[in-house]
Amino acid sequence: MNRYAVIVAAGNGMRMGAPIPKQFLEVSGRPILMHTLNRFVAFDASIRLVVVLHPDYIEFWRSLCEKHDYSVPHSIVSGGSERFFSVQKAIQSLVDTEDAIVGIHDAVRPMVSVATLERCYATAQETGSAVPCISVNDSMRIVDADGNRSVDRSSLRIIQTPQCFSLNLLRLAFTQEYNTAFTDDASVVEAL
């Protein structure tokens with residue numbers, strides 16, 4: 001079964017206040033996005049990489065690849081106005097007619113472990129989906145019009161990426177109308 005990684009890098013990174021989006025900032029002499037792509041190749045040398053970029057930064061990315069002599073094979077998809085539309089466009093670009101496993105990952109998370117990638121892709125191949133998460137260690141409170149109160153953190157999880165799914169499931173999920181409640185790819189699949 002084929003494996004894909006959709007690397008979502010279409011944001012402008014305005015909150016960071018850097019002169020360029022954070023996925024292009026250099027760490028150890030290379031843009032963060034290159035480190036992220038390399039992590040997926042370390043997991044599976046035959047994985048098919050799809051990078052989703054803001055249209056204004058596609059040529060900039062190509063110039064960075066040339067500057068750094070970066071030759072890891074990947075396709076580029078022009079991103080949309082929201083993450084939902086960016087991922088939707090990436091999924092539409094995949095040409096497999098058979099099912100595959102697709103991991104959707106944030107470009108600025110280059111430190112994902114190979115072990116996490118192995119577990120996520122294997123679980124998604126077995127069950128159709130896998131979403132990595134970690135327990136909450138901090139104290140949590142709900143703040144609302146009635147004041148604030150403690151939350152039992154034992155039932156809370158921080159959701160991470162890559163979020164891995166069957167390609168057929170993703171294709172169906174991303175035919176839905178966009179909803180502001182879609183905060184990640186798992187919420188799109190869950191709404192289906």
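Some values worked out for this structure:
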read-out	value
Residue that is surrounded by the most Cβ atoms within 10 Å (Cβ to Cβ) [pool: residues in the range 152-166 that are in a strand (DSSP E or B) and not hydroxyl-bearing (Ser, Thr, Tyr)]	Cys164
In the range 27-78, the residues that are touching a His at 6+ places or on another chain (Cβ under 9 Å), without any contact (Cβ under 8 Å) to a residue 40 or more places away in the chain and over 20 Å from Ala5 (Cα atoms)	Ser28, Gly29
Residue match in the range 76-90 (condition: surrounded by 13 or more Cβ atoms within 10 Å (Cβ to Cβ), among the polar types (S, T, N, Q) and part of a helix (DSSP H, G or I))	yes
Failed condition for Ile20, given (1) of a type in the set (A, V, I, L, M); (2) open to solvent by less than 40 Å² (accessible area, probe 1.4 Å); (3) without any contact (Cβ under 8 Å) to a residue 60 or more places away in the chain	(2)
Members of the range 167-192 found to be among the hydrophobic types (A, V, I, L, M, F, W, C) and open to solvent by 80 Å² or more (accessible area, probe 1.4 Å), listed by number	Leu172, Leu192
From Thr116, Thr123, Thr97, residue being surrounded by fewer than 18 Cβ atoms within 10 Å (Cβ to Cβ) and assigned to a loop (DSSP other than H, G, I, E, B)	Thr97
Residue among Asp138, Asp144 that is free of Cβ contacts under 8 Å to residues at least 12 places away in the same chain and surrounded by fewer than 16 Cβ atoms within 10 Å (Cβ to Cβ)	Asp144
Which numbered condition Asn2 misses (of (1) at pLDDT 95 or above; (2) touching a Lys or Arg at 6+ places or on another chain (Cβ under 7 Å); (3) closer than 18 Å to Ile104 by Cα; (4) surrounded by fewer than 18 Cβ atoms within 10 Å (Cβ to Cβ))	(1)
Pairs, first closer than 17 Å to Asp96 by Cβ in the range 169-187, second assigned to a loop (DSSP other than H, G, I, E, B), C-beta under 6 Å, six or more apart	Leu169/Gly128; Ala173/Leu192
Subset of the range 41-62 [of a type outside the set (Val, Ile, Thr), in a helix (DSSP H, G or I), open to solvent by less than 60 Å² (accessible area, probe 1.4 Å) and over 24 Å from Glu82 (Cα atoms)]	Phe43
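The values are calculated or read from the model by the stated rules, or taken from the named source; none is laboratory data. On a predicted model such as this, the values are computed, not experimentally measured, just so you know. Cβ sites come from the backbone with ideal geometry, for glycine too, and all protein chains shown count toward neighbours. The protein model used for the area step is the full one, side chains on, heavy atoms only, and it has no ligands, DNA or RNA in it. Shrake-Rupley method; radii C 1.70, N 1.55, O 1.52, S 1.80 Å.
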